[in-house]
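Worksheet: one structure, shown below.
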Amino acid sequence: MGQIITFAQQKGGAGKTTVLAHLAVAWAAEGRRVALVDLDPQRSLTRWAGLRDDPDLALIDSRDYRAASDLRSASRAHDVVLVDSPGAASTLLDAALRESTLVIAPCQPSALDIWAIESIRAAAERQRTPLRILLNRVPPRTTSIQEVLAALGPRSDLLLDSCLGNRVAFSQSLLQGRTAPEISRRSIAAEEVSALRAEIDAVLAAS
Ligand SMILES: Nc1ncnc2c1ncn2[C@@H]1O[C@H](COP(=O)(O)OP(=O)(O)O)[C@@H](O)[C@H]1O
Ligand SMILES: [Mg+2]
């Protein structure tokens with residue numbers, strides 16, 4: 001059975017789709033069989049996958065009422081199943097979390113994003129699914145990491161060591177159905193994605 005990773009965050013615009021797309025391409029480049037499941041009504045992952053038209057990334061069509069069984073069958077045929085989830089708490093989100101090996105909550109270093117973590121943390125705990133928080137769109141010269149840790153309080157032990165900077169390459173590449181490392185292989189963005197992929201692999205191996 002492949003691993004199912006759901007990207008969730010109550011607050012919109014945290015970077016779920018951006019991070020998911022980057023990791024999908026990174027895992028596919030490692031030879032992993034990757035499936036994408038878009039449960040977000042905004043359907044931005046579906047649009048990106050349509051632009052990309054990549055035989056190595058299987059876009060699985062799913063519907064709310066059969067999401068859980070779709071995730072299970074996708075995990076039988078793929079090594080990693082990446083799920084873009086609806087932002088707000090819902091029975092659909094609960095179903096996705098219940099099937100998942102890991103939940104990743106992208107979070108910008110702002111109070112509003114950090115406070116929004118609590119809802120996804122509670123939902124993940126209800127489904128007994130491990131959660132990791134990824135700091136995304138971290139501005140350069142950030143002195144705010146310490147403030148973020150303080151704001152996260154006891155949740156700071158859920159924070160991944162890797163983070164993604166606030167870089168135009170992350171957003172612009174998606175418009176072309178690509179990802180930042182494909183546009184510039186030797187870039188800080190590419191290093192960040194590679195470090196993040198390796199860290200999540202290690203979390204999965206330990207779980
Ligand atoms: N690391 C990043 N650097 C720059 N822009 C980013 C980054 N991550 C996300 N964005 C931008 O932030 C916005 C929200 O990201 P998106 O992935 O659509 O969030 P979500 O799927 O959680 O709603 C988009 O315009 C995206 O291009
Ligand atoms: Mg999205």
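Readers should treat all values here as calculations from the given coordinates under stated rules, not as data from a laboratory. Given the structure is predicted, the values throughout are model-derived calculations rather than measurements. Note that each Cβ is placed from the backbone with ideal geometry, even for glycine, and that neighbours are counted across all protein chains shown.
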Item to complete: Exactly one condition in (1) surrounded by fewer than 23 Cβ atoms within 10 Å (Cβ to Cβ); (2) of a type in the set (Ser, Thr, Tyr); (3) within 16 Å of ligand 2 (Cβ to nearest atom) is not met by THR6; state its number.
Response: (1)
Worksheet item: For the range 89-103, how many residues meet the condition of being in a loop (DSSP other than H, G, I, E, B) and in contact (Cβ under 8 Å) with a residue 12 or more places away in the chain?
Response: 3
Worksheet item: Just checking, how many residues over the range 168-188 are touching a Ser or Thr at 6+ places or on another chain (Cβ under 8 Å) and either in a loop (DSSP other than H, G, I, E, B) or not small (Gly, Ala, Ser) (or both)?
Response: 6
Practice prompt. Output yes when any residue across the range 170-177 is more than 16 Å from the chain's Cα centre (by Cα), at positive phi and crowded, with 16+ Cβ neighbours inside 10 Å, and no when none is.
Written response: yes
Worksheet, complete the sentence: Picking from PRO55, PRO86, PRO106, the residue that is within 16 Å of ligand 2 (Cβ to nearest atom) and either over 28 Å from GLN172 (Cβ atoms) or in a loop (DSSP other than H, G, I, E, B) (or both) would be PRO86
Item to complete: Pick out the one residue from ALA122, ALA116, ALA205 that is surrounded by 16 or more Cβ atoms within 10 Å (Cβ to Cβ) and not in a loop (DSSP other than H, G, I, E, B).
Response: ALA116
Fill in: Residue ID - surrounded by the most Cβ atoms within 10 Å (Cβ to Cβ), chosen from residues in the range 38-52 that are touching a helix residue (DSSP H, G or I) at 6+ places or on another chain (Cβ under 6 Å) and either assigned to a strand (DSSP E or B) or of a type in the set (Gly, Ala, Ser) (or both)
ASP38
Worksheet item: What is the one condition in (1) away from ligand 1 (no atom under 11 Å from the Cβ); (2) in contact (Cβ under 8 Å) with a residue 12 or more places away in the chain; (3) in a helix (DSSP H, G or I) that GLU191 does not satisfy?
Response: (2)
Item to complete: Inspect all residues belonging to the range 147-166 and state whether any of them is in contact with a strand residue (DSSP E or B) (Cβ under 6 Å, 6 or more places away or on another chain), within 12 Å of ligand 1 (Cβ to nearest atom), closer than 16 Å to GLN108 by Cα and of a type in the set (A, V, I, L, M).
Response: yes
